[in-house]
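The values are calculated or read from the model by the stated rules, or taken from the named source; none is laboratory data. These numbers come from a predicted model, not from an experiment. Glycine gets a Cβ as well: all are built from the backbone with ideal geometry, and neighbour counts include every protein chain shown. Ligands, DNA and RNA are stripped out before the accessible areas are found, and what is left, the full protein with its side chains, is counted by its heavy atoms. Shrake-Rupley method; radii C 1.70, N 1.55, O 1.52, S 1.80 Å.
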Amino acid sequence: MSTIPAERDETKFEDFKAPYTAHQARMEAERCLYCEDAPCVKACPTSIDVPQFIRKITSGNLWGSARTIFSANILGMSCSRVCPVETSCVAACVHNEQAVAPIQIGRLQRFVTDHAYESGWRYFEAGGSSGKSVALVGGGPASLAAAHELRRKGHACTIYEKRRMLGGLNTTGIAPYKLRADRATEEVEWVLGIGGVDIETSTALGEDVSLEELEMKHDAVFIGIGLGEDTFLSVTNEHLEGVHGAVEFIERIKLGRVDLDGVGRALVIGGGNTALDAVRELVGLGLDDVRLVYRGREEVKPGYAHEWEAAKMEGVRAHWQTQPIDYRGEGRVSGLRCVRTDEKKRAIDGSERTLDADLILLALGQETLGSLVASAEGIEIDGGCVRIDDNGATGRPGVFAGGDCTNGGKEVVNAAFEGKRAAEAIDRYLMGEK
Amino acid sequence: MPDLTANCAGIVSPNPFWLASAPPSNSGEQVMRAFDAGWGGAVWKTLGQPIQNVSSRFGGHHYRGTRAIGFNNIELITDRPLDTNLREIEEVKKRYPHNALIVSLMVESEEEWKEIIRRSIDAGADGLELNFGCPHGMCERGMGSAVGQEPKVNERITSWAASYSSVPVIVKLTPNVHDIRPHGLAAQRGGADAVSLINTIKSIVSVDIDSMIPAPIVGELGTNGGYCGPAVKPIALQMVASLASTPEFKLPISGIGGISNWRDAVEFMLLGSSSVQVCTEVMLRGYRVVEDMIEGLEFYMREKGFERLDDLIGGAAPAFSEWGDLDMNFESVARVDAETCIGCYDCVVACADGGHQCIEPGRGDRRVPVVDEEECVGCNLCEIVCPVPGCITMTEVDNGWAPATWNQHLASGVRLRPKKGSH
């Protein structure tokens with residue numbers, strides 16, 4: 001597996017939420033009410049027993065605390081940093097009900113999982129060999145979680161990844177003030193430390209290997225291929241220098257360098273969480289004038305409110321109800337031609353104007369990859385996504401799926417859950433249970 | 001992986017964590033859920049003649065935002081039919097053969113003891129616990145602590161039980177005595193196989209200052225209850241250590257009293273308990289607390305290199321001594337870490353008003369207190385009030401004096417270092 005370059009822009013970022021000291025963690029943990037049938041647990045896709053792991057912090061049993069976390073979610077280290085806890089477990093904390101500050105579950109989980117990594121604690125062993133093997137296509141969180149669970153049950157695993165490194169968006173896409181690429185690959189190694197997972201990098205589905213070949217070679221297949229390229233406006237001058245897909249640009253920040261020389265103003269088009277990450281990252285890299293361009297009103301943007309609040313605090317501005325038409329510029333982009341929209345996001349005649357910009361990032365979404373397996377009999381595609389049942393099974397026997405390629409792009413924790421769930425279903429399939 | 005198997009007087013359980021005889025062990029359904037959660041054993045809520053309970057049974061002692069650091073109850077023994085309890089005991093034992101099931105008993109006459117012991121053993125009890133402890137209600141009827149406070153009565157009833165029982169007999173001792181030792185020895189003379197301690201402490205948990213009635217309030221009156229929970233742990237530890245360090249006392253001890261987590265349990269075991277019993281923490285937080293207890297103990301044993309509980313049971317016993325055997329020439333002083341000090345000056349005021357007036361406010365820009373080590377007597381008060389872990393440490397001073405105890409001083413005139421802070 002290739003390593004993360006030492007020289008890369010993401011190292012310029014500080015953690016947005018500083019790690020807890022042991023004392024801070026203890027004080028925060030002591031506030032937890034240890035709820036029964038706890039709302040925070042229900043708010044977690046992987047159902048981590050939050051009250052239990054927090055109680056174990058108070059008794060000094062960090063070893064057991066980490067075990068509680070990892071038993072539910074083997075990617076608990078990255079999830080502690082990247083989960084939008086403000087909208088999930090922390091939002092569900094009953095302290096909110098009486099307007100008392102909710103327990104900072106993410107920070108506590110980070111404290112515990114970091115401690116476990118530093119201590120070299122491992123909890124899980126591979127099961128006795130079942131004689132079965134499973135192909136996992138895509139090396140992101142869903143496949144990693146699935147592979148770990150499959151190894152526990154004794155099934156041989158091979159991960160096929162089109163890139164040179166594993167970790168998926170955890171490695172290439174997470175805002176560096178939440179999780180840096182080297183921590184993401186550290187987690188990959190920690191998870192794969194269970195042993196028995198073969199890795200085939202630079203192997204793309206549909207190019208280097210086909211689904212049918214994988215089915216021939218293995219007893220079951222898990223598809224966790226995530227999403228594809230950034231979506232563009234599809235206008236003629238999109239090739240101008242200074243126009244980039246946001247996901248691709250963020251990857252360059254995380255794994256290399258970006259050239260911001262001469263950039264005065266940057267625009268990020270979109271209202272989702274990738275857009276909100278991108279504006280904050282541009283500010284973090286030193287740009288003074290960074291603006292969001294979104295066609296709807298502020299209230300309807302799909303990105304998280306807490307992320308936008310943070311972006312505003314960092315100096316980001318927004319052009320709401322503004323829809324891009326095309327770009328201005330010769331060779332390098334100089335502006336974005338836009339039109340105002342009404343309450344229903346419809347263009348208003350005669351409201352055209354041009355926003356000056358030297359850098360424009362498109363965060364309009366990513367291509368779905370269902371088409372890569374659409375031709376296989378039994379597999380159904382729904383809105384570009386691979387359709388699965390409640391156990392992660394596709395309509396094709398022995399083929400399972402999870403993560404962004406099935407849900408259209410959710411959180412790491414969803415992928416972790418879906419991967420583990422599919423692994424359990426694959427185990428039942430392989431071992432002949434219904 | 002360390003072996004957590006516990007053996008208390010021949011009663012074997014997969015781990016040393018037992019539910020104490022109390023509401024959490026009131027029924028088969030509860031005890032089975034507790035075993036499923038991981039509890040190694042359970043002492044069934046005391047069986048005896050049917051009683052009736054009152055409304056309003058518990059009281060909490062809340063302190064600085066923490067609910068129930070102490071807990072008090074006026075509930076009596078089981079109020080369920082004896083046949084029902086025995087049927088459920090049999091069922092639980094059948095379904096959970098590897099967990100320890102001890103039945104707590106409290107009756108009056110020798111005939112009653114004989115009968116209830118026979119029926120308990122027939123139901124499958126792994127052991128019996130004689131409840132000589134409850135300091136409320138039952139003692140007014142000549143049972144519970146009324147027995148435990150009278151060594152002769154304790155010995156006599158214990159001897160009945162020992163003669164009628166084919167399984168180990170544990171005597172549960174009351175802490176409502178001035179010295180626990182004669183009571184443990186009485187149980188031993190009576191033929192007990194083990195003792196458990198402490199039962200609850202006679203208490204009034206609080207008084208409602210508006211209605212002017214002691215809590216828990218029953219109608220227009222309150223009565224004394226039995227006090228337990230984290231606040232009683234120090235009392236229980238002392239009693240366990242006191243018995244364990246009595247040379248002629250040879251019985252195993254099941255430790256009880258404010259055990260809330262694995263650390264508390266380890267402390268009880270280090271002073272000589274071969275199993276521990278928990279009630280209050282389960283009352284407040286549920287059976288699920290045992291998960292942390294088991295894991296924490298397991299990790300502690302691994303870190304210390306202990307393979308079985310016997311490696312740690314009694315580990316602190318040699319270090320428990322009389323005051324007269326303490327080294328009077330040992331000297332320590334408080335040291336403040338300027339880096340971590342947050343400048344609250346709680347140590348300054350504590351030392352000024354409750355200590356020996358040797359910590360002064362700092363004189364520089366930063367609020368860091370200054371300890372006058374010439375005057376510091378090493379009392380620990382500042383370290384106790386300091387809110388920052390590790391900021392104030394009590395540091396041993398090499399004063400050149402050879403160790404000398406008060407007893408040695410009296411016996412042979414060995415010299416003691418000059419007193420500090422006594423001017």
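Restricting to DSSP loop positions (anything but H, G, I, E, B) with no more than 16 other Cβ atoms inside 10 Å of their own Cβ, which GluC sites (Glu not before Pro) remain in region A:193-237?
Working: sites: A:200, A:207, A:212, A:213, A:215, A:229; in loops: A:207, A:229.
Those that pass, being in a loop and sparsely packed, are A:207, A:229.
Normalising by the residue count of chain A, find the relative contact order in percent from Cα pairs under 8 Å and 6+ residues apart.
Numbers: 920 pairs, mean separation 75.0, N = 434.
Value for chain A: 17 percent.
At 0.36 nm per residue, and after removing the present C-alpha to C-alpha distance, how many nm does the segment from residue A:198 to residue A:347 gain when stretched out fully?
48.4 nm
For residue A:105, what accessible surface area do you get with a 1.4 Å probe? Give it in Å², rounded to 10.
Number for this one is 10 Å².
Just name one of B:127, A:368, B:390: the one whose Cα is farthest towards the positive end of the charge dipole of the protein assembly as shown (beta-carbon charges, Lys/Arg +1, Asp/Glu -1).
Projecting each Cα onto the dipole axis, the largest value belongs to B:127.
Taking 7 Å along the Cα-to-C-beta vector as the label spot, tell me the residue A:259-residue B:179 distance in nanometres, rounded to one decimal.
9.1 nm
Taking a 1.4 Å probe, which of B:113, A:320 shows the most accessible area, and what order do the others take after it? Provide the component values of the computation, followed by the final result.
Details: B:113 5, A:320 50 Å².
From most exposed to least exposed: A:320, B:113.
Relative to the Cα centre, what is the charge dipole magnitude of region B:53-148, using +1 at the beta carbon of each Lys and Arg, -1 at the beta carbon of each Asp and Glu, and rounding to the nearest 20 debye?
Values: 12 positive and 15 negative charges, 116 e Å.
About 560 debye.
Which one of A:33, A:66, A:336 has its Cα pushed farthest toward the positive end of the charge dipole of the protein assembly as shown, where Lys and Arg give +1 and Asp and Glu give -1 at the Cβ?
Result: A:33, furthest along the dipole toward the positive end.
Compute a Gaussian network model of chain B, connecting alpha carbons closer than 10 Å, and tell me which residue from B:282, B:368, B:218 fluctuates the most.
Ranking B:282, B:368, B:218 by mean-square fluctuation puts B:368 first.
Going by average Cβ density within 10 Å per residue, which order do the peptides B:193-203, A:252-262 take, highest to lowest?
Numbers: B:193-203: 25.6, A:252-262: 15.0.
So the order, starting with the most tightly packed, is B:193-203, A:252-262.
Quick check: at a probe of 1.4 Å, how many percent of the accessible area of region A:158-295 sits on carbon and sulfur atoms?
Details: 2290 of 5290 Å².
That share works out to 43 percent.
Counting protein heavy atoms only and a 1.4 angstrom probe, how many square angstrom of accessible surface do chains B and A bury in total, to the nearest 100?
Working: alone 20200 and 18840 Å², together 37570 Å².
Buried surface at the B/A interface: approximately 1500 Å².
How much accessible surface does residue A:162 have with a 1.4 Å probe, in Å² rounded to 10?
The accessible area comes out at roughly 110 Å².
Order A:332, B:288, B:189, most accessible first, counting only protein heavy atoms with a 1.4 angstrom probe. Walk me through the numbers before you get to the answer.
Numbers: A:332 80, B:288 60, B:189 140 Å².
Order by accessible area, largest first: B:189, A:332, B:288.
Pick out which of A:101, A:393, A:275 has the largest mean-square fluctuation in a Gaussian network model of chain A, springs linking Cα atoms closer than 10 Å.
Of A:101, A:393, A:275, the most mobile in the Gaussian network model is A:101.
I'd like the projected area of region A:243-362, averaged over all directions, using the convex hull of its alpha carbons. Report it in nm² with one decimal.
Numbers: hull surface 28.6 nm².
So the Cα hull casts an average projection of 7.2 nm².
Step through the table entries A:301/A:410; B:114/B:202; B:152/B:233, compare each Cα-Cα distance with 18 Å, and write down the pairs that go over it. Spell out each step's value before the answer.
On the way: A:301/A:410 16 Å; B:114/B:202 29 Å; B:152/B:233 28 Å.
The answer is B:114/B:202; B:152/B:233.
Contour minus end-to-end for residue A:217 and residue A:298, with contour as 0.36 nm per residue of separation and end-to-end as the Cα-Cα distance? If you can, show how the numbers build up before the last one.
Values: separation 81, 0.36 × 81 = 29.16 nm, distance 5.04 nm.
This chain segment gains 24.1 nm when fully extended.
Hey, got a sec? Which trypsin sites (Lys or Arg not before Pro) in region B:353-423 land in a DSSP loop and have at most 15 other Cβ atoms within 10 Å? Write down the numbers at each step before the final one.
Numbers: sites: B:363, B:366, B:367, B:415, B:419, B:420; in loops: B:363, B:366, B:367, B:415, B:419, B:420.
Listed in order of number, the matching sites are B:363, B:366, B:367, B:415, B:419.
Between B:142, A:397, A:101, whose Cα lies farthest towards the positive end of the dipole of the protein assembly as shown when Lys and Arg beta carbons carry +1 and Asp and Glu beta carbons carry -1, centred on the Cα centre?
Checked the options; the winner is B:142.
Roughly how many debye, to the nearest 20, is the charge dipole of chain A about its Cα centre, given +1 on each Lys and Arg Cβ, -1 on each Asp and Glu Cβ, and no other charges?
Details: 50 positive and 66 negative charges, 192 e Å.
For chain A, the charge dipole is close to 920 debye.
Using a Debye calculation, one point per C-alpha and no hydration shell, please list log10 I(q)/I(0) for the protein assembly as shown at q = 0.09 Å⁻¹ in order.
For the protein assembly as shown, the Cα-only Debye profile gives -1.03.
Using a probe radius of 1.4 Å on heavy atoms only, what accessible surface per residue do you get for chain A? Whole Å² is fine.
Details: 18080 Å² over 434 residues.
Heavy-atom accessible area per residue stands at 42 Å².
Just to be sure I understand: with springs between alpha-carbon atoms less than 10 Å apart, which residue in A:217, A:153, A:56 has the highest mean-square fluctuation in the Gaussian network model of chain A?
A:217
Which GluC sites (Glu not before Pro) from region B:373-403 combine a DSSP loop assignment with at most 12 other Cβ atoms within 10 Å? Intermediate results must be reported in sequence, preceding the final value.
Numbers: sites: B:373, B:374, B:375, B:383, B:396; in loops: B:373, B:374, B:375.
Sites meeting the loop and neighbour criteria: B:374.
Ignoring ligands, DNA and RNA, what accessible area per residue does chain B give at 1.4 Å, in Å²? All intermediate terms of the calculation are to be shown ahead of the outcome.
Working: 19490 Å² over 423 residues.
With the other protein chains kept in place, chain B gives 46 Å² per residue.
Tell me, what is the FRET efficiency for residue A:99 and residue B:80 to the nearest 0.05, using R0 = 41 angstrom and their Cβ-Cβ distance as r? Before the final figure, lay out the partial values.
On the way: r = 43 Å, r/R0 = 1.05.
Efficiency, from the Cβ-Cβ distance: 0.45.
Let me cross-check residue B:66: its accessible surface, 1.4 Å probe, with only protein heavy atoms counted, in Å² to the nearest 10?
My reading of the accessible area for residue B:66 is about 70 Å².
Residue-wise, which Karplus ³J(HN,Hα) couplings in Hz belong to region A:196-206, taking 6.51 cos²θ - 1.76 cosθ + 1.60, θ = phi - 60°, and x for glycine or proline?
x, 10, 7, 10, 10, 8, 6, 10, 9, 5, x
How far is it, in nm, from the label point at residue B:263 to the one at residue A:305 when both lie 7 Å from their Cα along the line to the Cβ?
So the two model labels end up 3.9 nm from each other.
Which ³J(HN,Hα) values in Hz, rounded to whole numbers, follow from the phi angles of region A:348-357 under the Karplus curve 6.51 cos²θ - 1.76 cosθ + 1.60, where θ = phi - 60° and Gly and Pro get x?
9, 4, x, 9, 4, 7, 10, 9, 5, 6
Given a cut-off of under 8 Å on Cα pairs at least six residues apart, what relative contact order in percent is computed for region B:288-423? Can you show the working numbers first?
Details: 175 pairs, mean separation 39.9, N = 136.
Result for region B:288-423 is 29 percent.
About the Cα centre of region B:332-381, how large is the charge dipole given +1 on each Lys and Arg Cβ and -1 on each Asp and Glu Cβ? Please answer in debye to the nearest 20.
140 debye
According to a simple spin-label model (label point 7 Å from Cα along Cα-to-Cβ), what is the distance in nm between residue A:375 and residue B:218?
Once both label points are built, they end up 8.3 nm from each other.
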